[in-house]
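The values are calculated or read from the model by the stated rules, or taken from the named source; none is laboratory data. Nothing here was measured: the structure is a model prediction, and the numbers come from that model. No Cβ is skipped: glycine too gets one built from the backbone with ideal geometry, and neighbour counts run over all protein chains shown. To get the accessible areas, we keep the full protein, side chains included, count just its heavy atoms, and leave off ligands, DNA and RNA. Shrake-Rupley method; radii C 1.70, N 1.55, O 1.52, S 1.80 Å.
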Amino acid sequence: MDALAALPAEVTLAHAGKQVRLAPASVLAPMAGITDTVFRRFIRDLGGCGLIMTEFTSGDGIVRSAKVARRYLSFEPEERPIAAQLFGSDPAVMAEAAVIVEQMGFDSIDLNLGCPAKKVVKCNGGSGLLRDLPLLRRLFEAIRGAVSLPFTVKFRAGWDEAQLVHVELARLAESCGVNGLALHARTREQGYSGNARWEWIADVKQAVSIPVFGNGDIRSPEDAAAMVAQTGCDGVMIGRTAAANPWIFRQMEAYRTTGAYPLPSERDREQLMTDYFRRLIRQGNPGAVGKMKQFAAWFTHGVEDGGQLRKAIYQAGTERQILEQVEAFFAKVYSTTCREV
Ligand SMILES: Cc1cc2nc3c(=O)[nH]c(=O)nc-3n(C[C@H](O)[C@H](O)[C@H](O)COP(=O)(O)O)c2cc1C
């Protein structure tokens, strides 16, 4: 695989004279409960990510309450370029919500058509909309007409394999003035099971001329290069791997420019964990302990005997105790490593 040829150095989302340049052409996928402002700044500081996205946010919620908008959509200037992701199904409400997003200073706006969660689908949001293309047209037109920001859509390929709509939806979106598409190459029915079907990304890329981002199952820079080579997509979007390995964007950038990338040492992992946990504490969020426990599960992927550390963190009651557990775990790792050397 020719890494240098495969990963695009940049891609631009453009509408009515407004341009968002993603360099490199990589996107942090929106992840509810994960991609809050602390995590987004963490990813930015590690480097290599072209565009950051918020967690999905209810259009209805932000229209009804400024508190909801502040809670889910506050961001810091260093997060730019940043897109706000909304979900919802009422065109008039979503148009109003889009205006709020524009006024908050986001660089672009994204509509979620992929969420499989029952409570979102029940209100016809997320992947529920994949079964109603006429309503989708009205939604696209309403949002497009309300704002001058670049507007993107993130979607799954269809409700199930018998009802694939990815090509039709992509063409519809482009005809309504949508400026970019990200396909999570699974159906709603699949949830997260099975493999992402990258050939569906290739179908979409062939059907439209706006930028197409491929999403699903990228676990390494090699995977990202393979997806681009196999589908011709203009950029890649990465979700779960970014939570388990926040260095992935930096690694992809190194791979793109040099054909190789460094793997984190145990010391890097300890630093990553404590740095992130300290950021959570500094944020002064009363839920910091819960978040630290949640992230312990992600960050210990790939750590030898990581299960022990997870257990110790789950049992800890305070922020300080969690940091002590991390320190004690890695001190043991280093002393064992030194003895072996
Ligand atoms: C914990 C979690 C939360 C997610 N939340 C969102 C969300 O808010 N909006 C969205 O469009 N997709 C959401 N997704 C889906 C991801 O953005 C992405 O499409 C999916 O994980 C596939 O990409 P990956 O294989 O790189 O993880 C979420 C996924 C996970 C695991």
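List the helices (runs of 4 or more DSSP H) that sit entirely inside segment 83-178 and contain at least 3 residues that are within 28 Å of residue 198 (Cα to Cα). Lay out the reasoning, then the answer.
On the way: elements: 91-103, 118-122, 133-146, 166-175.
Counting at least 3 such residues, we get 118-122, 133-146, 166-175.
Collect the residues in segment 221-239 that are out of contact with any His (no Cβ under 9 Å at 6 or more places or on another chain) and under 23 Å from residue 82 (Cα atoms), keeping them in residue-number order.
Let us first name the residues in segment 221-239 that are out of contact with any His (no Cβ under 9 Å at 6 or more places or on another chain), namely 221-236, 238.
221, 224, 228, 233, 234, 235, 236, 238, listed by residue number.
Any idea which of 106, 75, 151, 155 is free of Cβ contacts under 8 Å to residues at least 40 places away in the same chain and within 21 Å of residue 20 (Cβ to Cβ)?
After applying the criteria, what remains is 75.
Tell me yes or no: at least one residue of segment 57-69 is within 13 Å of the ligand (Cβ to nearest atom), among the β-branched types (Val, Ile, Thr) and closer than 19 Å to residue 31 by Cβ.
Checked against the condition, which is being within 13 Å of the ligand (Cβ to nearest atom), among the β-branched types (Val, Ile, Thr) and closer than 19 Å to residue 31 by Cβ, segment 57-69 yields at least one hit.
Of all the residues that make up segment 294-326, how many are closer than 16 Å to residue 281 by Cα and open to solvent by 50 Å² or more (accessible area, probe 1.4 Å)? Spell out the reasoning first.
So in segment 294-326, the residues closer than 16 Å to residue 281 by Cα come out as 294-296, 313, 316-326.
Still in the list and also open to solvent by 50 Å² or more (accessible area, probe 1.4 Å): 294, 317-321, 324-325.
Number satisfying all stated conditions: 8.
Go over the candidates 32, 14 one by one and state the one that is more than 18 Å from residue 277 (Cα to Cα) and more than 13 Å from the chain's Cα centre (by Cα). Please lay out each step first, then the result.
Details: 32 fails: more than 13 Å from the chain's Cα centre (by Cα).
That would be 14, the only listed residue that is more than 18 Å from residue 277 (Cα to Cα) and more than 13 Å from the chain's Cα centre (by Cα).
Answer yes or no as to whether residue 254 is in a helix (DSSP H, G or I), under 21 Å from residue 192 (Cβ atoms) and of a type outside the set (Val, Ile, Thr).
Numbers: in a helix (DSSP H, G or I): yes; under 21 Å from residue 192 (Cβ atoms): no; of a type outside the set (Val, Ile, Thr): yes.
Here the answer is no, as residue 254 does not meet what is asked.
Tally the residues that are among the aliphatic types (A, V, I, L, M), open to solvent by 20 Å² or more (accessible area, probe 1.4 Å) and closer than 15 Å to residue 112 by Cβ, restricting the search to segment 2-58.
Looking only at segment 2-58, we keep the residues that are among the aliphatic types (A, V, I, L, M), and these are 3-7, 9, 11, 13-14, 16, 20, 22-23, 25, 27-29, 31-32, 34, 38, 43, 46, 51-53.
Checking which are open to solvent by 20 Å² or more (accessible area, probe 1.4 Å) leaves us with 4-5, 9, 14, 16, 23, 31-32, 46.
Next cut, closer than 15 Å to residue 112 by Cβ only: 31-32.
Residues flagged as among the aliphatic types (A, V, I, L, M), open to solvent by 20 Å² or more (accessible area, probe 1.4 Å) and closer than 15 Å to residue 112 by Cβ within segment 2-58 amount to 2.
Cβ-Cβ under 8 Å, sequence separation 6+ or interchain: first residue in segment 174-189 and within 15 Å of residue 139 (Cβ to Cβ), partner of a type in the set (Lys, Arg) and open to solvent by 10 Å² or more (accessible area, probe 1.4 Å). Which pairs?
Pairs found: 176/137; 176/144; 177/144; 178/144; 181/154.
Say we look at segment 82-118 and pick out the residues that are among the acidic types (Asp, Glu) and more than 16 Å from the ligand (Cβ to nearest atom); which of these is surrounded by the most Cβ atoms within 10 Å (Cβ to Cβ)? I'd like the intermediate steps shown before the answer.
Of all residues in segment 82-118, those among the acidic types (Asp, Glu) come to 90, 96, 102, 107, 110.
Retained after the next criterion (residues that are more than 16 Å from the ligand (Cβ to nearest atom)): 90, 96, 102, 107.
Numbers: 90: 19, 96: 17, 102: 16, 107: 21.
Within segment 82-118, the match that is surrounded by the most Cβ atoms within 10 Å (Cβ to Cβ) is 107.
Could you tell me whether residue 210 is open to solvent by less than 40 Å² (accessible area, probe 1.4 Å), within 22 Å of the chain's Cα centre (by Cα) and either touching a residue at least 40 places away in the same chain (Cβ under 8 Å) or over 30 Å from residue 226 (Cβ atoms) (or both)? Break it down stepwise before answering.
Values: open to solvent by less than 40 Å² (accessible area, probe 1.4 Å): yes; within 22 Å of the chain's Cα centre (by Cα): yes; either touching a residue at least 40 places away in the same chain (Cβ under 8 Å) or over 30 Å from residue 226 (Cβ atoms) (or both): no.
No; evaluated as a whole, the condition is false for this residue.
Restricting to helices (runs of 4 or more DSSP H) lying wholly in segment 22-77: which have 3 or more residues that are among the charged types (D, E, K, R)? Please lay out each step first, then the result.
Working: elements: 37-46, 59-64, 66-73.
It comes to 37-46, 66-73.
Take the residues in segment 214-240 that are surrounded by fewer than 21 Cβ atoms within 10 Å (Cβ to Cβ) and assigned to a helix (DSSP H, G or I), then tell me which one is farthest from the ligand (Cβ to nearest atom).
229
Can you go through 13, 46 and tell me which one is in contact with a helix residue (DSSP H, G or I) (Cβ under 6 Å, 6 or more places away or on another chain) and in contact (Cβ under 8 Å) with a residue 12 or more places away in the chain? Spell out the reasoning first.
Working: 13 fails: in contact with a helix residue (DSSP H, G or I) (Cβ under 6 Å, 6 or more places away or on another chain).
Just a single option satisfies the conditions, and that option is 46.
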